[in-house]
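S.K.: Have a look at this one before I ask anything.
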Amino acid sequence: MVQARSFQNLGDRPLVVVTATRDALEGWLPLQDRMARLSTNSSHRLVPYTHEALVTDRTAAEASTQAIRDVVYAARFATALKKS
């Protein structure tokens, strides 16, 4: 946890933060926004599912899968992520 808290800046490394909004705790969304701002090449994607559904629900999991694909593509080809 100490090491995780020490990160202040990821530079322009591609970063996609996928946030499940259903049943999110109060204050969670601003923290996710803050995480997305760690990189100048980031995208914060809100999905209307629970955190668990991002893995277990086929439709919700597509958001997670697409985020991974987008980060890999941006890293491989040194491109900017599409803002969303």
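S.K.: If I filter the range 26-69 down to residues being of a type in the set (Lys, Arg) and more than 16 Å from LYS82 (Cβ to Cβ), which single residue comes out as most open to solvent (accessible area, probe 1.4 Å)? Walk me through how you get there before you give the answer.
M.R.: Of all residues in the range 26-69, those of a type in the set (Lys, Arg) come to 34, 37, 45, 58, 69.
The next check asks that each one be more than 16 Å from LYS82 (Cβ to Cβ); those that pass are 34, 37, 58.
On the way: ARG34: 154, ARG37: 167, ARG58: 214 Å².
Per the criteria, the residue is ARG58.
S.K.: For the range 32-72, what are the residues that are of a type in the set (Lys, Arg) and part of a loop (DSSP other than H, G, I, E, B)?
M.R.: Within the range 32-72, the subset of a type in the set (Lys, Arg) is 34, 37, 45, 58, 69.
Result: ARG37, single match.
S.K.: Take the range 15-30 and flag every residue that is part of a helix (DSSP H, G or I) and in contact with a strand residue (DSSP E or B) (Cβ under 9 Å, 6 or more places away or on another chain).
M.R.: Across the range 15-30, the qualifying residues are TRP28, LEU29.
S.K.: Right, ALA75: modelled with pLDDT of 95 or more, out of contact with any helix residue (DSSP H, G or I) (no Cβ under 9 Å at 6 or more places or on another chain) and in a helix (DSSP H, G or I) or not?
M.R.: Values: modelled with pLDDT of 95 or more: yes; out of contact with any helix residue (DSSP H, G or I) (no Cβ under 9 Å at 6 or more places or on another chain): yes; in a helix (DSSP H, G or I): yes.
So ALA75 fits the description; yes.
S.K.: If we scan the range 5-14, do we find a residue that is open to solvent by less than 50 Å² (accessible area, probe 1.4 Å), more than 20 Å from ALA80 (Cβ to Cβ), out of contact with any Ser or Thr (no Cβ under 6 Å at 6 or more places or on another chain) and not in a loop (DSSP other than H, G, I, E, B)?
M.R.: no
The values are calculated or read from the model by the stated rules, or taken from the named source; none is laboratory data. Here the structure is a predicted model, which is why all the values come from computation and not from measurement. Glycine also receives a Cβ, built like all others from the backbone with ideal geometry; neighbour counts cover every protein chain displayed. For accessibility, only protein heavy atoms count, side chains too; no ligands or nucleic acids. Shrake-Rupley method; radii C 1.70, N 1.55, O 1.52, S 1.80 Å.
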